[in-house]
Amino acid sequence: MRFLHFSDLHIGLGLRRVPFLDWGGKRLAGGLNLLRGRGRHFAEAARKALALVDLDERLQPDLVLCTGDLTALATHAEFAAAKELLEPLPDGSRFVVTPGNHDVYTLPTVLEGRFAKYFENGLATDLPDLRTDGAWPLVRLPDDDTAIVAVNSARNNLLPWRSSGRIPSPQVEGLEAALSDPRVAGRFVFLMTHYAPCLADGSPDTKEHGLQNLDEFLAASAAIERGALLCGHVHDVFRQVIDAFAGEVFCAGSATYEGREGAWVFDRDSQGVWSGRRATWRGDVYEVEAEGEPVAGQGGSR
Ligand SMILES: [Fe+2]
Ligand SMILES: [Fe+2]
C-alpha cells in the first residue's frame, strides 16, 4: 500500500483573470498580497503541479491525498486550471482532498459550494452514514488495516489579516464517532485536514494563522493508536511528534513554493509498518528519498 501526499499548490492566474464582480473585500486584500509579491513565490506552480502528476505516474500510489489550498483566490479560472493540471487525478477514485482557506476565500465561493463543484470525486466517502456536516467527516477504507479520515478546517475569514481555521462542532463530534466506529477503530489512520497542529519546530502556530479549536480536534482524535496526521497550510515540509497525538504529524508544506517545495510518500512494508519518505523538487522533477523512516508510535500498540 502506498500513498502520495501533497498540499498548497496555490495555482493563481494573475489578477487580470479575476472577474470585476468578484472583487470583494477579502479577495481585494488577497489580490494586493499577490501584487506585493506573494505570487512570485508560486510563479512556477503549474510546472510543479505537472511534476506531481509525473511523480504519481512513476510511483503508482494507491491513493493521492491533498490537504488543500489548490488555488490562490478561489476563482473559477483557478479551480479549472488546478483541476486540469492534475488530470487525471481529480476525475478518478484515487484522489482524496480537503479544502484550504484559499479554496474558500470569499463568502460567495463558500455559499456556491465551488470547491465541491470542481473536486467532488475527492470528497467521496466509503461510510456515508458517518457524515455529520455535508461531506464530512469523509472516510476511505482502502484495505482492511488502513483508514483515511478527513475533516474540513478551512473557512472564509472576513478580516483580511486573518487566516485562521476552525473545524465546525458537528465535524469534531463526527470525527470522534467515526474513529470509535467498529469499521474504523484499530486501523492505522491517516487523519487529513488543512491546518497544521504545530509549526516545523513543534511549537504552536499563531492565533491569527492557526487552527482555533486545535485542542478539540486533537481530543477528538485521541482514539487513534497508530496513525499520521497529514496537513498543509504552514508552507514548510516537516514531520514532527507532538504530545497530544499518538502517531506523527506530516506537513506537506507547499509543493510549489519557490525554494520550499516538497511532498510525502507513505509505504507499508510486509510487516504492516508504515514509513514516510520525503519528495524533493530537483528543478525539473520530483525525486523521492530511497529510504523511509517508520512513522512514530507504531510499536507495541497493535
Ligand atoms: Fe497555503
Ligand atoms: Fe492555507
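Taking GLU208, is it in contact (Cβ under 8 Å) with a residue 12 or more places away in the chain and surrounded by fewer than 18 Cβ atoms within 10 Å (Cβ to Cβ)? Yes. Just so you know, in segment 78-117 the residues that are small (Gly, Ala, Ser) and touching a residue at least 24 places away in the same chain (Cβ under 8 Å) include one that is nearest to ligand 1 (Cβ to nearest atom), and it is GLY100.
Among the residues making up segment 240-272, those that are touching a Lys or Arg at 6+ places or on another chain (Cβ under 7 Å) and under 17 Å from GLY100 (Cβ atoms) are VAL249, PHE250, GLY253, SER254, ALA255, THR256, GLU261, GLY262, TRP264. Among what's in segment 242-254 and is closer than 25 Å to ALA45 by Cα and not in a loop (DSSP other than H, G, I, E, B), pick the residue that is farthest from the chain's Cα centre (by Cα). Among residues in segment 242-254 that are closer than 25 Å to ALA45 by Cα and not in a loop (DSSP other than H, G, I, E, B), the one farthest from the chain's Cα centre (by Cα) is VAL249.
For segment 37-44, the count of residues that are touching a Leu at 6+ places or on another chain (Cβ under 9 Å), within 16 Å of ligand 2 (Cβ to nearest atom), in contact (Cβ under 8 Å) with a residue 12 or more places away in the chain and not small (Gly, Ala, Ser) is at least one. Taken over segment 84-108, the criterion of being farther than 22 Å from TRP264 by Cβ and either in a helix (DSSP H, G or I) or modelled with pLDDT of 95 or more (or both) is satisfied by GLU84, ASP91, VAL104, LEU107, PRO108. Considering segment 65-80, and only residues there that are outside any loop (DSSP other than H, G, I, E, B) and either over 18 Å from the mean Cα position of the chain (by Cα) or buried (at least 24 other Cβ atoms within 10 Å of the Cβ) (or both), the residue that is modelled with the lowest pLDDT turns out to be ALA77. Among the residues of segment 214-241, the ones that are within 16 Å of ligand 2 (Cβ to nearest atom) and either assigned to a loop (DSSP other than H, G, I, E, B) or more than 18 Å from the chain's Cα centre (by Cα) (or both) come to 5 in all. Considering (1) farther than 27 Å from GLY113 by Cα; (2) free of Cβ contacts under 8 Å to residues at least 40 places away in the same chain, the lone condition that ARG183 does not fulfil carries the number (2).
The values are calculated or read from the model by the stated rules, or taken from the named source; none is laboratory data. This structure is a prediction, so every number in the text was calculated from the model and none was measured. Cβ: placed from backbone, ideal geometry, glycine included. Neighbour counts: every protein chain shown.
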